[in-house]
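The values are calculated or read from the model by the stated rules, or taken from the named source; none is laboratory data. Worth saying up front: this structure is predicted, and the values here are computed from it rather than measured. Please note: Cβ atoms are built from the backbone with ideal geometry, for glycine as well, and neighbour counts cover all protein chains shown. Ligands, DNA and RNA are excluded from the accessible area calculation, which covers all protein heavy atoms including side chains. Shrake-Rupley method; radii C 1.70, N 1.55, O 1.52, S 1.80 Å.
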Amino acid sequence: MSAAQPLPAANASSPSLWRLAGRRFARNRAAMASVVVLLLIGLASVLVPMFWPHGIEDASWEYIMAPPSLDNWHWFGTDANGRDLLVRVFYGGRVSLAIGLMTTLVALLIGVSYGSIAGFVGGRVDGVMMRIVDVLYSLPLLFFIIILVTVFGRNIFLVFIAIGAVEWLTMARIVRGQTLSIRHKEFVESAVAIGMPKPMILRRYIVPNVLGPVVVYVTLLIPTNILVESYLSFIGLGVQEPLTSWGLLISQGAGAIDSAPWLLLFPAGFLAVTMFAFNFIGDGLRDALDPQGR
Amino acid sequence: MIAFTLRRLLVAVPTLFLIGTASFFLMRAAPGGPFDADADLEPQVLANIRASYDLDKPLFEQYLIYLRRALTGDFGPSLVYKDFTVTELIGIGLPVSMRLGAMAMLIALLVGASAGIVAALRQNRLIDHLVMAMAMTGIAIPSFVVAPLLALLFGLYLGLLPVAGWNGGAWRNMVLPVTALALPQIAIIARLMRGGMLEVLRSDFVRTARAKGLGEWRVVSRHALRPALVPLVGYLGPALAGIMTGSLVIELIFNLPGVGRYFVQGALNRDYPLVMGVVVIYAGLIIVLNLLSDLAYAALDPRVRRQYR
């Protein structure tokens with residue numbers, strides 16, 4: 001994932017910090033292995049459905065719920081409709097990873113703008129804005145995603161927006177805290193003194209300098225959101241057939257667990273490996289960016 | 001302390017009101033109605049059905065009716081389970097879900113906290129690595145994967161426990177769902193507890209306690225435990241929300257007659273009153289329990305208490 005090299009142009013002013021962090025990260029073997037594993041899963045999700053001899057909807061009557069075997073390219077076996085599981089797992093990976101990335105992007109946009117505005121403006125505005133976050137924080141937000149999805153139909157783009165729209169809260173808190181801590185640093189005061197407009201100060205000086213903890217949180221939010229999507233698909237409110245995702249595959253596998261356990265084990269295995277990898281990367285980034293925090 | 005409680009309650013009421021209002025208008029903004037499946041009905045019959053559920057009135061009037069009834073705990077008749085009111089359905093489901101959730105919470109706290117403490121006391125030893133590896137696994141593997149695997153292993157292969165069903169709440173039927181529900185929370189709580197304990201064990205007052213010759217057990221139980229519990233208490237609210245949402249899939253997988261199953265069915269069938277009723281009741285529950293956990297927070301940490309006096 002690109003999260004491993006978070007070097008946006010905005011940080012050109014302080015390259016040494018990021019380069020040092022990069023060096024520390026590269027020494028973390030678990031994190032580096034996770035990056036490789038994730039890249040492999042990502043690449044396979046993109047490429048395998050393009051070149052595999054079976055399509056995701058090709059049903060074959062001779063192979064209904066066939067167990068995994070090397071004959072006829074059904075390496076992961078087939079499902080109740082005789083569709084090849086391997087190609088479906090990688091296709092589902094496309095959807096799950098895309099949802100994880102897109103929802104995190106939505107959460108990132110909302111959370112960073114909300115948090116930096118609250119922290120930078122401060123005072124009563126900040127109080128009200130963070131109070132709202134507190135209230136939302138204490139609610140079971142999955143219920144709201146379910147309401148949103150119930151109301152606006154089970155459209156995959158809506159799932160993106162609905163998950164992103166409720167998962168920004170922690171991001172907003174982190175960004176606000178960081179913003180508060182740098183708001184009175186000299187370089188911000190000097191920008192205020194030369195009369196730079198506030199939105200520009202936010203964009204040029206505040207946001208780039210709060211990115212460290214945000215990057216760590218992003219790598220932890222992506223797997224969380226993949227899980228949320230799987231959860232929604234599992235109860236039938238997420239991705240719909242003929243599209244598929246790891247959550248939907250797991251749900252179908254769970255229904256056939258006594259007769260065809262491979263239908264659960266393969267998608268669940270890929271989901272779990274992805275979760276592990278993201279968590280290791282997140283831990284690695286935290287250690288790399290905050291060497292004193294250990 | 002009393003002022004703090006009152007102030008929190010003052011926030012809770014408008015919050016609940018907003019949740020009810022938001023879910024009402026969202027539900028009504030939905031394209032497609034609950035009676036779409038009966039499209040071949042005579043127009044007059046359809047109109048009569050709609051009228052009997054007040055769906056023909058102006059939106060704002062429906063909202064007022066809804067508010068007035070909700071205040072008395074009446075969320076109207078369910079649109080799909082035609083012989084039941086929403087309140088009756090929740091009344092049937094809530095005891096099941098509460099029992100499940102309370103058991104899972106209790107087990108998660110006991111097991112998670114003990115595992116975290118043991119790991120912290122043996123930092124970087126084998127048992128610490130073991131506990132942390134298990135915690136990582138618990139976080140990476142979602143409950144809707146663990147649950148079917150548990151059912152397969154203990155229900156089908158070993159034949160020790162029933163695969164699914166409620167059976168009036170017999171303990172044999174509770175074991176698997178409660179375990180599946182508690183596992184992810186055990187993992188998170190163990191990590192939190194370990195972190196909190198490690199920090200406290202490094203502090204000066206623990207060193208003092210050790211220096212005056214107290215045994216390890218007394219140091220931990222009398223001096224370190226209370227401050228180490230503080231981060232855990234802060235996590236109680238999110239843990240509760242996690243167990244409530246987790247319980248939706250667990251009830252589905254194990255076919256238990258709880259609120260979660262009704263909620264999911266309601267969402268799939270566009271049963272507006274049922275979905276709204278569950279959301280309002282659950283939000284209320286969470287608000288009350290969050291308040292309790294905040295009070296516990298204040299009771300454990302004198303600094304928090306002073307802040308609110």
Next on the checklist: Keeping every protein chain present and rolling a 1.4 Å probe, give me the accessible area per residue for segment B:86-307 in Å².
Outcome noted: 44
Checklist outcome for this item: Rounded to the nearest 10 Å², the accessible area of A:Tyr205 using a 1.4 Å probe with every protein chain kept is 70
Checklist entry - Under the definition of partner shielding as Cβ atoms of other protein chains within 10 Å of a residue Cβ, what is the mean value for peptide B:131-144? => result 4
Checklist entry - Of B:Phe154, B:Pro273, B:Gly213, whose Cα points farthest to the positive end of the dipole of segment B:86-307 (charges on the beta-carbon: +1 Lys, Arg; -1 Asp, Glu; origin at the Cα centre)? => result B:Gly213
Item to check | Size-normalised alpha-carbon gyration radius of segment B:86-307, reference 2.2 N^0.38 Å | outcome: 1.16
Checklist outcome for this item: Amide H proximity to B:Thr85 below 5 Å, modelled H, separation 5+ or other chain, gives B:Ser78
Next on the checklist: Need the per-residue list for segment B:275-298: every residue with at least 20 Å² less accessible surface in the complex of protein chains than in the chain by itself, probe 1.4 Å, sorted by number.
Outcome noted: B:Val279, B:Tyr282, B:Ile286, B:Asn290
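What net charge is computed for the residues neighbouring B:Arg222, neighbours being all others with C-beta under 14 Å from the C-beta of B:Arg222, Lys and Arg scored +1, Asp and Glu -1? Don't skip to the end; give the middle numbers.
Details: positive: B:Arg210, B:Lys212, B:Arg218, B:Arg226; negative: B:Glu216.
Neighbourhood net charge equals +3.
State the percent of C-alpha pairs, over all pairs in the protein assembly as shown, separated by a distance greater than 38 angstrom.
On the way: 68433 of 181503 pairs.
So the portion of pairs separated by more than 38 Å is 38 percent.
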Checklist entry - To the nearest Å, what is the center-to-center distance of segment A:56-79 and segment A:171-196, using C-alpha atoms only? => result 58
Next on the checklist: Before we go on, tell me the buried accessible area for the B/A pair, both chains summed, 1.4 Å probe, in Å² to the nearest 100.
Outcome noted: 3400
Item to check | the protein assembly as shown - percent of accessible surface contributed by carbon and sulfur, probe 1.4 Å | outcome: 66
Item to check | Heavy-atom surface of segment A:154-210, accessible at 1.4 Å and reported per residue (Å²) | outcome: 54
Checklist entry - Quick one: helix A:29-51 against the long Cα principal axis of chain A, what's the angle to the nearest 10°, folded into 0 to 90? => result 50
Item to check | Simple spin-label estimate for A:Leu105 and A:Val128 in nanometres, 7 Å along Cα-Cβ | outcome: 3.2
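If I stretch the segment between A:Glu241 and A:Leu158 completely, what's the gain in nm (0.36 nm per residue apart, minus their alpha carbon distance), one decimal? The partial results should precede the final answer.
Values: separation 83, 0.36 × 83 = 29.88 nm, distance 1.58 nm.
The A:Glu241-A:Leu158 span can extend by a further 28.3 nm.
Using the beta-carbon distance between B:Asp54 and B:Trp171 and R0 = 35 Å, what value does 1/(1 + (r/R0)^6) give for FRET efficiency, to the nearest 0.05? Write down the numbers at each step before the final one.
Values: r = 44 Å, r/R0 = 1.26.
Efficiency at R0 = 35 Å is approximately 0.20.
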Checklist outcome for this item: Charge tally for neighbours of B:Ile65 with beta carbon under 11 Å away, counting Lys, Arg as +1 and Asp, Glu as -1, is 0
Checklist outcome for this item: Quick calc: nm separation of the 7 Å Cα→Cβ label points for B:Met98 and A:Arg27 -> 5.5
Checklist entry - Straight-line reach from B:Lys212: which aspartates and glutamates have Cα under 12 Å away, leaving out those fewer than 8 places along the same chain? => result none
Next on the checklist: Between helix A:262-289 and chain A, what is the angle of the helix's C-alpha long axis to the longest principal axis, kept within 0 to 90° and rounded to the nearest 10?
Outcome noted: 20
Checklist entry - Looking only at B:Leu295, B:Leu152, B:Leu126, which one moves most when chain B is put into a Gaussian network model with springs between Cα atoms under 10 Å? => result B:Leu126
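Excluding A:Glu62 itself, calculate the net charge of residues whose Cβ lies under 15 Å from the Cβ of A:Glu62, where each Lys or Arg counts +1 and each Asp or Glu counts -1. Don't skip to the answer; put the middle values down first.
On the way: positive: A:Arg83; negative: A:Asp58, A:Asp71, A:Asp79, A:Asp84.
Once all neighbours under 15 Å are counted, the net charge is -3.
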Checklist entry - Excluding same-chain residues fewer than 8 positions from A:Lys198, which lysines have a Cα within less than 16 Å of its Cα? => result A:Lys185
